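Below you'll find the structure, written out as structure tokens, and then a few comments.
The values are calculated or read from the model by the stated rules, or taken from the named source; none is laboratory data. Owing to the predicted nature of the structure, the values given are computational and were not obtained by experimental measurement. Cβ coordinates were reconstructed from backbone atoms using ideal geometry, including for glycine residues, and neighbour counts include every protein chain displayed.
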Amino acid sequence: MSGGAAALLSLPRLIRSLAGIVRAPVTLQDSRRLIRQRVETREQQFLALVNRYVYGDFPSPYRSLLEHAGCTRGDLEEMVRQRGLEPTLEALRDAGVYLSFEEFKGRTPVVRGGRTFRFTEREFDNPLLSPGVPVRTGGTRSRGSSVSLGLSFLADHAAPAMQVALEAMQAVGVPLVLWLSGMDPDRAVVILAAMGQAPAAAWCLSPPHDPASARRVRVLHLLTTLFARRRGLRIPRTTFLPVSAAGRALDALLDLRDRAGGCALITSPSAAVRLSTAALARGASLQGLRILASMEPLTAGKFEDIRRSGATVGSLYGFTEGGAAGVLCGDPAVADDMHLMTDSFALILNRRPMVGVGELDAFMFTSLATAPPKILLNVESDDFGDVTVRRCGCPLDGLGLHRHLAHVRSFAKLTGEGATILGTEVVRILEEILPREFGGRSVDYQLLEREDEEHLTHLDLLVSPAVGPVDEARVRECFLAELRRGPNRGVGLWERAAAIRVLRREPVPTPRGKVLPFHTLAIRPDRVYTLTAPPAVHVAVPAGSRRRNRRAP
């Protein structure tokens, strides 16, 4: 059956499911109860998921790996009862029951103990997925892949995570603005509708013709708007507002804050820094604005720049295949301190190398959600960071979410300006295309990730002086042209933000003297990561928003 025919046949189910979610939204009290209950029953959730999706009626790659490791269903149940969930997952990892990021994506075969398995990414899809929101992964080392986020998953997991995030940020009941990229504003609209809320405005960092804006998502947005209207919710149209229009965004947000007594914004850290810079330049305070930062790391520099403007900011972390994994802490120890959503995930670590840095602990996730988009069992997310256990006393701590994430970074991605580019594809450009076009050797070109004095993430394309005279503008355009031909869908956002520049200097070597195609100044080599729009924008104040706490931080 063609994709179009399948979508047409699933439309009635989609309409029924969406209508039910909007008609019976998840409240903050519901969210607290659901999360607390799931935290208390994690082992039962895991065994239920394994029995349903691994040992059930559907073919499962994980069953093949478990059988190869000599682990039966009874063995697994006994291990969980005796050892607990995370120790069981660590034992499975050591026995070969895990998937690297590349194996999970179907790009490399799975070799375990002389046995070779070949899986495709689609084999990890949830076979019982309800109608949902189609999204695409970042496409760092491929063209990205389509993942459907079931509406029940959004209502049962994404909406509760957002509810408690807003509570931790003290942003419950204030108008909320979306300023995201690609299809994210439309997806967020569905999540908010599942919470019984409509955004005060929805802005998109990428232009309307961006291919990331899929037709089905627009249809879903329209349906959500119609159903929400029956409940008295007005959902605005998503409008294009690039990072270069931070001044217009600032005008709208200041006006909304003053009329409503406060407001919240979900956007990227880079966009938030640009907003804060614009506010400071005109002598305006962002006190009363609460920013939930997603899509890229919230570094210490970005955190301080945003806080300097008077705004409050916290970090969100998630990945397309799994959903919301980290939610901002209400009493953060560091800039991007987040609570691991242990109601929906189990997390263990897997030691692996990162060029130019050394060995780091990769995140390995196992899904515990009742209807996850992908079935995850010890799957690397391609990220790493600090994992600690801490009692902070914030609202999420009271739900039993005691594990914290911080300093989360990616092994293979460069993220900034709300977009992701770079993968192994870029090595070909640096080591083959540029030397062929402009001379020099493969080691004469390097991509350097850094933060500038305003804590905005940039990419420097370093060209060794040994190459001789070159037209720097032509080098930059050649590099960008090759990126556009490849899988890096986020390159347009970087271009519009002028975040890529050419510098004539020697590439930066590793501590051992190696010159690699990619180097980052965003990660300290001595750090140990361990387990411990429109021309003018006007925003309407949603009904029910109150003017209390006009200048609340």
In the range 330-363, how many residues are under 22 Å from GLY393 (Cα atoms) and either assigned to a loop (DSSP other than H, G, I, E, B) or of a type in the set (Ser, Thr, Tyr) (or both)? 12
Please verify whether ARG391 is at pLDDT below 95 and surrounded by fewer than 21 Cβ atoms within 10 Å (Cβ to Cβ), treating the condition exactly as stated. no
For the range 41-50, indicate whether the set of residues that are among the charged types (D, E, K, R) and surrounded by fewer than 16 Cβ atoms within 10 Å (Cβ to Cβ) is non-empty. no
Qualifying residue in the range 411-434 (condition: surrounded by fewer than 22 Cβ atoms within 10 Å (Cβ to Cβ), modelled with pLDDT of 95 or more, more than 25 Å from GLU321 (Cβ to Cβ) and of a type in the set (A, V, I, L, M, F, W, C)): no
Which numbered condition ALA335 misses (of (1) more than 18 Å from the chain's Cα centre (by Cα); (2) modelled with pLDDT under 95; (3) hydrophobic (A, V, I, L, M, F, W, C)): (1)
When you check THR366 against the structure, is it in a strand (DSSP E or B), within 22 Å of GLN37 (Cβ to Cβ) and not acidic (Asp, Glu), yes or no? yes
Over the range 224-244, the set of residues in a loop (DSSP other than H, G, I, E, B) and of a type in the set (Lys, Arg) is ARG231, ARG234, ARG237
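Listed here are the residues, each with its yes/no results for (1) touching a Cys at 6+ places or on another chain (Cβ under 7 Å); (2) surrounded by 24 or more Cβ atoms within 10 Å (Cβ to Cβ).
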site	(1), (2)
ILE291	no, yes
GLY310	no, no
CYS329	yes, yes
ALA333	no, no
SER367	no, yes
Inspect all residues belonging to the range 85-100 and state whether any of them is at pLDDT below 95 and either touching a helix residue (DSSP H, G or I) at 6+ places or on another chain (Cβ under 6 Å) or surrounded by 14 or more Cβ atoms within 10 Å (Cβ to Cβ) (or both). yes
Residue check: is ARG259 among the charged types (D, E, K, R), surrounded by fewer than 24 Cβ atoms within 10 Å (Cβ to Cβ) and at pLDDT 90 or above? yes
Check the range 255-264 and report whether any residue there is of a type in the set (D, E, K, R), within 22 Å of the chain's Cα centre (by Cα) and farther than 30 Å from GLY20 by Cα. no
